[in-house]
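Notes to accompany the following structure.
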Amino acid sequence: MSIDLSPVFAFPSTLSLESIEVHDQTIIVHLHATAPTAACPHCGTAGSRVHSRYERTIADVAFGRRCLVRKWICPEASCSQRIFAERFPELVQRYARMTDRLIEALQSVGVTANGADAAQIVSSLGMPTTAKTIIRRVLQLALPKNGTVRIAGIDEWAWKKGSRYGTILVDLEQRRVADLLPERSLESSTAWFKNHPEVDIVSRDRGKLFRQAASAGAPQAKHVVDRFHLQKNFAEALEKFFGHHKRLLK
């Protein structure tokens, strides 16, 4: 008695399960397309003549899929596409070697861990990958829309440490990056604050540049020293104080 396992693997209706291979760390599912026609991606005309077939291996969550893909002939004489490969947008995007749900899984782990740790986590869950792949997938995510920022943190970030710096603005209530400015300048930082008149509190270091930018762009905001620089300045003050009392300390 044959059992249809398509619902278990959440196959699209246009794909049929052919066979399953079980390996030590991977399950390979062989699929073949069953749709009687396919729309030409260039002109949209439905083609009914299959040109050829080729095998495409696609990584998926916790197992792999090997899919036999058909190439079709476009019946529209005026279409420049002529021959096209069948597509499965509900499963995998054009030219992609990973399913949409595998990409989403990598991105979900990648945004909560660094590349190396995320790669180790997903690999242990049966989705082997690399840190570079995790980072590349995370960078494909759309940036969050800029909203209102009531408590803003401002500091520098390095394009190249010791050589070129930009400015990072953080929404401290939402715990997310609000904006990245390509340069570290009074003009760009001031302009950002002027575009966010809702800012009530600015957390910054004790440097002159960010103090002037916040004062000019958000005169209504209260300035506070961020935790890192507060601790750093306090430690430096203690070191200086005890340095003047070495004899008493001895």
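The values are calculated or read from the model by the stated rules, or taken from the named source; none is laboratory data. All values derive from a computational prediction rather than experimental measurement. With ideal geometry, Cβ positions are generated from the backbone for all residues, glycine too; neighbour counts draw on all protein chains shown.
Counting only residues that are modelled with pLDDT under 75 and in contact with an Asp or Glu (Cβ under 6 Å, 6 or more places away or on another chain), segment 67-101 holds 2 of them. The number of residues in segment 222-250 being at pLDDT 90 or above and under 12 Å from Gly153 (Cβ atoms) comes to 2.
Counting the residues of segment 17-47 that are modelled with pLDDT of 80 or more, touching a Leu at 6+ places or on another chain (Cβ under 8 Å) and loosely packed, with under 13 Cβ neighbours inside 10 Å gives 1.
Here is the figure for segment 92-151: residues that are not charged (D, E, K, R) and not in a loop (DSSP other than H, G, I, E, B) total 26.
Sort out which residues of segment 225-250 are among the hydrophobic types (A, V, I, L, M, F, W, C), more than 21 Å from Gly166 (Cα to Cα) and surrounded by 14 or more Cβ atoms within 10 Å (Cβ to Cβ), and write them in order of number.
Leu230
Reported count of residues in segment 219-247, each being among the acidic types (Asp, Glu) and either within 15 Å of Arg204 (Cβ to Cβ) or within 33 Å of the chain's Cα centre (by Cα) (or both), is 1. When Trp157 is tested against (1) within 23 Å of Val224 (Cα to Cα); (2) part of a loop (DSSP other than H, G, I, E, B); (3) at pLDDT below 90, exactly one condition is not met: (2).
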